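Scroll down for the structure; my scribbles are underneath it.
Here, each number is a calculation from the coordinates, and none is a lab measurement. Remember, it's a predicted structure, so these values are computed and weren't measured experimentally. FYI the Cβ positions are ideal-geometry reconstructions off the backbone, even for glycines, and counts take in every protein chain you see.
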Amino acid sequence: MFETRKHWIFAVGPILLATLAINVLRVLGTTPAVAPWTALFAKLFGHAPLDIIWSIIYGVIIAWAALYVISWMRSRIACDGINFSWRSAFDETRVPLDVLFTARIHRPWLGQLLGYGTLIINNGYRQARIDYVPEPSLLLDRILPGARSAAKPK
């Protein structure tokens, strides 16, 4: 039995991007090019609506990053010797190892540095792509021997 979840970079990337976006928006709100517009808006409608708008924008950015973290926490990649399965935030897919034809790995340069990659499996009629697999070569070594032994006639 082998079980893991997606690589941590899957969740860290959106968190860093959300942090960058919030900081850029904060700086942008105080730049001389945008400050007159915010000052005019505050003069016409008061500060409360402007604060509400900024809070909504920040909330949307934080919720977007939180969805990625929740998706990472719910992800699962498993092989039990009979089936190979993976679960994302909303669905789960199971493939019996005896119908697994081919599996290959794609590793970008950042994936080679941090130890993740994409596993592409094919069971004859459908191809599946599983992104952010930690140590995909080790997982491939566990899947393929199981597929070969499960495919042997009894």
Most fluctuating of V12, V60, V69 in the GNM of the chain (C-alpha, under 10 Å) is V60
Relative to the longest principal Cα axis of the chain, at what angle does helix 136-150 sit, 0 to 90 degrees, rounded to 10?
-> 30 degrees
Phi-derived 3J(HN,Hα) across region 71-82 with the Karplus relation (6.51, -1.76, 1.60, θ = phi - 60°), rounded Hz, x for Gly and Pro, is 4, 5, 5, 8, 5, 8, 10, 9, 9, 10, x, 10
In Hz, Karplus ³J(HN,Hα) per residue of region 111-120 (6.51, -1.76, 1.60; θ = phi - 60°; x = Gly, Pro) | x, 5, 5, 9, x, 9, x, 10, 9, 10
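For the chain, what mean projected area does the convex hull of the alpha carbons give, in nm²?
Numbers: hull surface 48.7 nm².
Taking a quarter of the hull surface, the average projection is 12.2 nm².
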Sorting W8, W72 on the 10 Å Cβ count, fewest up front, what's the list?
-> W8, W72
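Determine the dipole magnitude for the chain: charges of +1 sit on the beta-carbon of Lys and Arg, -1 on that of Asp and Glu, nothing else is charged, the reference point is the Cα centre, and the result goes in debye to the nearest 20.
Numbers: 16 positive and 9 negative charges, 73 e Å.
Rounded to the nearest 20 debye, it is 360 debye.
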Under a no-solvent Debye model with one identical scatterer per Cα of region 81-150, what's log10 I(q)/I(0) at q = 0.12, 0.19, 0.20, 0.28 Å⁻¹?
-> -0.30, -0.74, -0.82, -1.31
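Please give the length that would be gained between A42 and L20 if that part of the chain were fully extended, namely 0.36 nm times their separation in residues minus their C-alpha to C-alpha distance (nm, one decimal).
Numbers: separation 22, 0.36 × 22 = 7.92 nm, distance 2.53 nm.
That works out to 5.4 nm of additional length.
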GNM top mover of R26, R74, R142 - the chain, alpha-carbon springs below 10 Å = R26
